[in-house]
Structures are given as C-alpha cells and as structure tokens.
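See structure below.
Each value in this text was obtained by applying a stated rule to the coordinates, not by laboratory testing. These numbers come from a predicted model, not from an experiment. Note that each Cβ is placed from the backbone with ideal geometry, even for glycine, and that neighbours are counted across all protein chains shown.
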Amino acid sequence: MRIHELKRRLREAGAGPSHEQRILRLWSHALPRNSGRRLPHSFFPSSLMEALPAIEAELAGLARIHTVHPGADGSERLLVALADGQTVESVLLPRDGLCVSSQVGCAVGCQFCMTGRDGLLRQVGSAEIIAQVALARTRRKVRKVVFMGMGEPAHNLDNVMEAIELLGTVGNIGHKNLVFSTVGDPRAFERLQQERVKPALALSLHTTKAGLRKTLLPRAPNMTPEELVDAGERYARATGYPIQYQWALLEGVNDGEDEIEGIVKLLSGKYGVLNMIPFNAVEGVAFSRPSWERCEAMARTLHQRGILTKLRDSAGQDVDGGCGQLRARAAGGVPVVLRRGAAAVTVSAATATAGSPK
C-alpha cells in the first residue's frame with residue numbers, strides 16, 4: 001500500500017482533512033483509535049466509522065515483528081515480516097533512533113554489505129515504511145528515523161519521500177532528525193530540494209579514490225567523490241543541515257595515511273561531519289575492522305587537521321548487527337568469504353555496520 005492510496009480510501013469513506021490527519025497520526029504513532037480528547041464516534045462521520053475496521057486491519061497486516069534481537073549496547077534489531085512473506089530489518093538505536101529499510105534487497109551491490117547479495121527483490125511501499133516506524137513505537141519512543149537499513153533510498157524515491165513527508169508532519173519527527181542516506185544519485189539531490197519536508201542527508205563516501213569507490217560500490221551512480229561532496233555541499237547550504245559523510249572503516253582498504261590526506265583535501269571548509277564507523281565484522285568474511293586504536297588515531301589526526309570527525313562504534317555487534325545479516329540467517333544464507341588481491345577487492349557477499357550506509 002502507498003500512503004496516497006490510503007488517503008484516497010479515507011476520503012472515499014467520507015474523511016475530511018482533519019479526520020485523515022488524525023487517522024494518519026494515530027497509525028504512525030501506534031496509538032489506538034480512541035486516543036485523544038474526542039472519541040471517534042463523536043468526531044468521525046458514520047461512513048468512515050463503518051470503513052475503518054477494514055482499513056485498520058489492512059494497516060495492521062502490512063508488517064509484523066518476526067524476531068527480536070536485543071543488543072548489549074541498548075540497540076534492538078527487528079526482523080520484520082511483510083504481508084507477502086518477504087522480510088526486512090529495522091534497528092532501534094540508542095537515544096530514541098530507528099533505522100528503517102526502504103527495499104527488500106538492494107541493487108547497488110556494495111562490497112561490504114550483505115543486503116545486496118541477492119540483488120533487488122522488490123521495493124518497500126511507503127505505508128510499509130511507516131509500518132516499521134509504528135512497530136518500533138510499540139516498543140519504545142522514536143524521535144529520529146534514519147533511512148540506512150536495507151536498500152538504497154534513492155532507488156525507491158517516490159515511496160521514501162512519501163514516507164518522509166508523513167513522518168515530518170503528523171509523524172512528529174523533526175526534519176533534521178529524518179536522515180536520507182544514499183550512495184549518491186543526481187535524481188535524489190534534485191528531488192530533495194523540491195520537497196516540503198527536507199531531511200538531513202547522509203552520503204556514503206567510504207573513500208576519496210574514484211577507482212576504489214567504483215570497486216566498493218560497483219553499481220552506484222557514476223559520481224566521483226568530488227562530485228558527491230559538491231552536491232552535498234549545495235544541499236547543506238540550502239537547508240542549513242550539515243552533511244553526514246559516512247565512512248565504513250575497512251582494515252588495509254581505506255584506513256591509510258593516503259586516505260587521511262585525501263579527506264583533508266576533499267572536506268576542508270565543507271559544511272559537514274565525517275562519521276567513521278568500523279566495519280561490522282562477521283565470521284568467514286575477509287574484510288576486517290581496524291583496531292580501535294587505529295580508528296582513534298585516524299579520527300584524532302583528522303580533528304587536528306580541521307575535519308570534524310565522529311568515530312562511532314557499530315550498533316548490534318553481538319546480534320548480527322550488519323544490514324542483511326538477520327534476513328540472510330532467517331533464509332538459511334551463509335556468508336561467502338571475500339578475497340583481497342593486491343590491487344582490488346573481489347567480493348561475493350559481506351556486511352555493513354548497523355545503521356550505516358550501504
């Protein structure tokens with residue numbers, strides 16, 4: 001179901017704008033129908049009251065929690081079953097955050113992410129995205145929603161922007177607390193500028209080397225790191241939100257002194273922050289995370305050279321925290337070992353950090 005289809009059904013059942021807003025608010029906040037000062041039968045027209053049970057049942061059937069995997073760090077990874085039997089992952093993060101999925105699978109094929117191992121299976125509808133938020137809100141408060149789960153939001157732009165519009169209005173999420181994460185796509189940059197609800201932007205950078213980025217993100221749009229940063233800078237200046245540049249730290253791949261020099265050259269003077277997230281390791285995969293001491297040294301050096309850098313530990317390390325791991329395990333999937341050659345990285349399947357870009 002798409003949100004605009006839901007609105008159409010509500011209008012056809014006799015809902016006016018205020019009725020529609022109340023129903024959408026209650027649904028997105030996982031609240032019962034009789035919440036609020038006015039009882040439904042005294043507020044809704046009789047035709048809407050008659051139609052609501054069927055509509056509410058359909059909304060409730062969009063998604064359900066299949067399994068729950070609490071982490072020692074306060075995160076909670078949810079394997080969410082959709083109505084057609086497909087599954088996606090949502091992650092409740094510390095400090096009232098939620099990471100949601102926008103696709104079943106992914107077409108980008110990032111070399112360190114298990115989500116794209118089987119390619120793109122289907123899009124997640126805008127109502128299914130809101131259903132992930134509603135499910136999460138049955139468990140705890142959600143004040144921030146990041147589109148950093150399974151899938152590439154720019155490849156499902158209509159559904160993602162429809163969900164963001166609802167979350168940024170009746171969903172009561174501050175616009176800067178809605179984070180659109182992308183590997184970079186000219187269509188997304190253009191569309192985001194046009195929307196009433198403009199989310200914060202997270203850009204998957206991972207390296208300053210165009211050739212290496214093409215290897216790590218083989219089916220990302222053909223944008224160089226310089227072009228990606230230029231587009232991000234324009235959006236940051238237009239919205240007033242600093243860009244979050246995402247960097248999954250891979251030992252021996254993008255943690256060297258050459259990358260430090262590249263980052264300083266690329267990001268000096270830019271309105272943004274560099275989020276460095278050590279790779280979320282999984283048994284049998286040849287990519288590994290650098291030592292914490294190496295990660296700290298890299299972040300410290302960048303700080304000293306004028307680059308605002310945040311070193312973030314990966315959420316859900318102890319509960320198959322990387323995007324796609326729970327889904328693969330539920331489907332009986334087994335990670336395929338990666339092999340690194342002298343010049344490039346050859347990949348069959350891997351994993352990414354929970355809540356990090358693909």
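Please report the antiparallel percentage of DSSP beta bridges with both residues in the chain, rounded to the nearest 5.
Details: 22 of 45 bridges.
Expressed as a percentage, antiparallel bridges in the chain total about 50.
Round to the nearest 0.05 the FRET efficiency obtained for D258 and D313 when R0 = 25 Å and r is the Cβ-Cβ distance. Intermediate values should be presented prior to the final figure.
Numbers: r = 25 Å, r/R0 = 0.98.
My answer for the efficiency is 0.50.
Straight-line reach from K270: which lysines have a Cα under 21 Å away, not including same-chain ones fewer than 8 places off?
K176, K198, K209, K310
Suppose R0 equals 35 Å. What FRET efficiency, 1/(1 + (r/R0)^6) with r the Cβ-Cβ distance, do V197 and S42 give to the nearest 0.05?
Values: r = 31 Å, r/R0 = 0.90.
Efficiency at R0 = 35 Å is approximately 0.65.
Rounding to the nearest 20 debye, state how big the charge dipole of the chain is about its Cα centre with +1 on each Lys and Arg Cβ and -1 on each Asp and Glu Cβ.
About 820 debye.
Taking the Cα atoms of the stretch 160-319 alone, what are Rg (to one decimal) and Dmax (as a whole number) in Å?
Every Cα atom of the stretch 160-319 included, Rg and Dmax give 16.2, 47 Å.
So what's the angle, to the nearest 10 degrees on a 0 to 90 scale, between helix 157-167 and the longest Cα principal axis of the chain?
Relative to the chain, helix 157-167 is tipped by roughly 60 degrees.
How high is the relative contact order of the stretch 1-126, given as a whole-number percent (alpha carbon pairs under 8 Å, six or more residues apart)? Kindly include the intermediate steps, with their values, before the conclusion.
Working: 144 pairs, mean separation 18.3, N = 126.
Relative contact order for the stretch 1-126 comes out at 15 percent.
Using Cα pairs closer than 8 Å and at least 6 residues apart in sequence, work out the relative contact order for the chain, in percent. Let's see the in-between values first.
Values: 733 pairs, mean separation 62.5, N = 358.
Contact order relative to length: 17 percent.
Could you give the spread of the C-alpha atoms of the stretch 148-240 along their three principal axes, from largest to smallest, in whole angstroms?
43, 28, 18
So between T169 and Y271, what do we pick up on full extension, going 0.36 nm a residue minus the alpha carbon distance? Display every interim value, and only then the final one.
Numbers: separation 102, 0.36 × 102 = 36.72 nm, distance 2.63 nm.
Result: 34.1 nm gained on full extension.
Using the Cα centre of the chain as origin and beta-carbon charges of +1 (Lys, Arg) and -1 (Asp, Glu), tell me which of G16, G109, A163 is placed farthest towards the positive end of the dipole.
Checking the options against the dipole of the chain, the answer is G16.
What angle, in degrees between 0 and 90 and rounded to the nearest 10, separates the Cα long axis of helix 17-28 from the longest principal axis of the Cα atoms of the chain?
Computed tilt is about 50 degrees.
Which distance in Å, rounded to a whole number, links the C-alpha centroids of the stretch 110-179 and the stretch 250-283?
One Cα centre to the other: 25 Å.
Report the residues of the stretch 62-82 in range of a label on T138: point 7 Å along Cα→C-beta, backbone N strictly under 20 Å from it.
Under 20 Å, as judged by backbone N against the label point of T138, lie 62-71, 75-82 of the stretch 62-82.
Determine the calculated [θ] at 222 nm for the chain from helices alone, applying -39500 (n - 2.57) to every DSSP H run no shorter than 4 residues and normalising by the residue count; nearest 500 deg cm²/dmol.
Values: 12 runs with 125 residues, N = 358.
Result for the chain: -10500 deg cm²/dmol, rounded to the nearest 500.
For the stretch 1-140, build the convex hull from the C-alpha positions and give me its volume per residue in Å³.
Values: hull volume 17.2 nm³, N = 140.
Dividing the Cα hull volume of the stretch 1-140 by its residues yields 123 Å³.
Near S42, within a Cβ-to-Cβ distance under 15 Å, what is the net charge of the other residues, with Lys and Arg +1 and Asp and Glu -1? Write down the numbers at each step before the final one.
Values: positive: R22, R33, R37, R38; negative: none.
That sum, taken over residues with Cβ under 15 Å, equals +4.
Would you please classify the overall shape of the stretch 111-194 from the alpha carbon gyration tensor, given that a ≥ b ≥ c denote the square roots of the eigenvalues, rounded means a/c under 1.5, and beyond that prolate means a/b larger than b/c while oblate covers the rest? Don't jump to the answer; show the numbers that get you there.
Numbers: a/c = 1.83, a/b = 1.25, b/c = 1.47.
Oblate.
Mind giving me the FRET efficiency for A286 and N34? R0 is 51 Å, r the Cβ-Cβ distance, nearest 0.05 is fine. Could you put the intermediate results ahead of the total?
On the way: r = 55 Å, r/R0 = 1.08.
Calculated transfer efficiency: 0.40.
Select from M161, M150, M49 the residue whose mean-square fluctuation is largest in a Gaussian network model of the chain (Cα-Cα springs shorter than 10 Å).
M49
If every alpha-carbon in the chain counts as one equal scatterer, what log10 I(q)/I(0) does Debye give at q = 0.13 1/Å?
So the normalised log intensities are -0.97.
Where the eigenvalues come from the Cα gyration tensor of the stretch 61-123, what are the semi-axes √(5λ) of the equivalent ellipsoid, largest first, in whole Å? Please report the intermediate quantities before stating the final value.
Values: eigenvalues 89, 53, 17 Å².
Square roots of five times the eigenvalues give 21, 16, 9 Å.
Just want to confirm a number: the relative contact order over the stretch 96-160, from Cα pairs under 8 angstrom separated by 6+ residues, in percent. Don't skip to the end; give the middle numbers.
Values: 113 pairs, mean separation 32.6, N = 65.
Reported relative contact order: 50 percent.
Put +1 on the Cβ of every Lys and Arg and -1 on every Asp and Glu Cβ in the stretch 16-73; which of A54, W27, H69 then has its Cα farthest towards the positive end of the dipole?
Looking along the dipole axis, the top candidate is W27.
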